[in-house]
Structures are given as structure tokens and as C-alpha cells.
Amino acid sequence: MQLFQSERDVETKFIQSLFYDTLNYPSNCLSWDVPVKMNFGREKKTKKADLVASHASKKTPIVVVEAKKPTEPLQAGIDQVDSYAFHLQAPYSLITNGKSLILRGYYSGNTRINILDTSVEELKSNNWLSLKKMISYADVLSS
């Protein structure tokens, strides 16, 4: 298992490879450090989503990705990634610290569920099949 030292390591050494090599997204469908304007009460702030994977022809956001430090629990970032997905109207979000991964789905009635909540090692052992079936570029295009 590859060891990551920082959130940046998770982004550059894990998430990039996952979306380019495993999920087969073309580079023109991946936007890094995407500004997201959000309301916090009366206050408006712009935060940045680490990655937004989109549908090529429409530039429709499909998956919003949040990286966390390897020592940080994923639950600490759920509200953050939910906010990004809500504001960008993305049907999925993914949060990872390079060791664990949560894929969330968003449905009508403001329903949010964890579709996958597992270790990266478990996903690798199945050749990423469960993740590919949900958010690979080819499967997103066919759905």
C-alpha cells in the first residue's frame, strides 16, 4: 500500500491516477480546485472543491471529489463534500484520504446515502469494479 503524507499527496498520487487511469476520464472532463460559491447564513463564501469530474459534451458535473489528509477521518469532510455537490448539482461525491473512500449519492427529496464506504485496498482487490460500475467515464456516458 502506498503511503501518503499530506492531502496534496492524496490528490496528486491517488486521485489523479484513479480518475485518469482507473475510471478513464479524459483530461478535459476533470477540473481541479473548482471555486464553489456557498451561503453560510447571510455570509457568502467561495471554497474550492479539489476535483470536479464532468460529462464532456455538457460540462455537467458528475462527481465532486474531496481529498483529506491520510490521518483525517472521512466523516470530518462529509458536510463539506455534500455542500459542494449540492451547489454544483452533482449526483455523486467522493471523499478519500488515500486509505478509505466514501462514494455518496444524492437523490430526490434531499436524500443522501453512502453508496460505498470501504478501504482502498478492498476496492483494489476487486479491480475497482464496484466503483467503476458507478462512476467510470464509460458508465456515466451510458447512463
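Give the long-range amide H neighbours of ILE62: residues separated by 5 or more places, or on another chain, with amide H under 5 Å away, using H modelled in the peptide plane at 1.01 Å from N.
Under 5 Å from the amide H of ILE62: ALA53, SER54, HIS55.
Only helical DSSP H runs with n ≥ 4 go in: add -39500 (n - 2.57) per run for the chain, normalise by residue count and round the 222 nm mean residue ellipticity to 500 deg cm²/dmol. Present the calculation step by step, with values, prior to reporting the outcome.
Numbers: 4 runs with 30 residues, N = 143.
Roughly -5500 deg cm²/dmol at 222 nm, from the helical runs in the chain.
Calculate the spin-label point distance for LYS58 paired with ASP117, positioning each point 7 Å from the Cα along the beta-carbon direction, and give it in nanometres.
If labels sit at ASP117 and LYS58, their model points lie 3.0 nm apart.
Which of the trypsin sites (Lys or Arg not before Pro) found in the stretch 1-107 are loop residues per DSSP with 16 or fewer other Cβ atoms within 10 Å of their Cβ? Show your work: numbers first, answer last.
Details: sites: ARG8, LYS13, LYS37, ARG42, LYS44, LYS45, LYS47, LYS48, LYS58, LYS59, LYS68, LYS99, ARG104; in loops: ARG42, LYS58, LYS59, LYS68, LYS99.
When the trypsin sites (Lys or Arg not before Pro) of the stretch 1-107 are filtered for loop state and at most 16 Cβ neighbours within 10 Å, ARG42, LYS58, LYS59 remain.
Measure off 7 Å from each Cα along the Cα-to-Cβ vector at ASP33 and LYS48, then give the distance between these two points in nanometres to one decimal.
Modelled inter-label distance: 0.3 nm.
Once fully extended, how much extra length lies between LYS133 and GLN16, figured as 0.36 nm per residue of separation less the alpha-carbon to alpha-carbon distance? Mind showing how you got there, number by number?
Details: separation 117, 0.36 × 117 = 42.12 nm, distance 1.85 nm.
Here the answer is 40.3 nm.
From the phi of every residue in the stretch 127-136, what ³J(HN,Hα) in whole Hz does the Karplus formula 6.51 cos²θ - 1.76 cosθ + 1.60 yield, where θ is phi - 60° and glycine or proline is x?
6, 6, 4, 5, 6, 4, 4, 8, 10, 5
Identify all lysines with a Cα-Cα distance to LYS68 below 22 Å; exclude those on the same chain that are fewer than 8 residues away in sequence.
LYS13, LYS37, LYS45, LYS47, LYS48, LYS99, LYS124, LYS132
I'd like the Karplus ³J(HN,Hα) series for the stretch 85-100: coefficients 6.51, -1.76, 1.60, θ = phi - 60°, whole numbers in Hz, and an x wherever there's a Gly or Pro.
My calculation for the stretch 85-100 gives 4, 4, 5, 8, 6, 8, x, 9, 9, 9, 10, 8, 10, x, 10, 10 Hz in order.
Can you list the HN-Hα couplings for the stretch 43-49, worked out from phi with the Karplus curve (6.51, -1.76, 1.60; θ = phi - 60°), rounded to whole Hz and with x for Gly and Pro?
8, 10, 10, 10, 10, 10, 6
Of the beta bridges DSSP finds with both residues in the chain, what % are antiparallel, to the nearest 5?
Details: 27 of 32 bridges.
Taking every DSSP beta bridge with both residues in the chain, the antiparallel ones total about 85 percent.
In percent, how large is the relative contact order of the chain, given Cα pairs closer than 8 Å and 6 or more residues apart?
Details: 246 pairs, mean separation 28.7, N = 143.
Taking the mean separation of contacting Cα pairs over the length of the chain, I get 20 percent.
How large is Rg/Rh for the chain, to two decimals, with Cα atoms and a Kirkwood Rh?
On the way: Rg = 14.4 Å, Rh = 15.3 Å.
Rg/Rh: 0.94.
We did not get these values from a lab; they are worked out from the coordinates using the rules stated. All values reported here derive from a predicted model rather than from experimental measurement. When we count neighbours, we look across all protein chains shown, and the Cβ atoms used for this are built from the backbone with ideal geometry, even at glycine.
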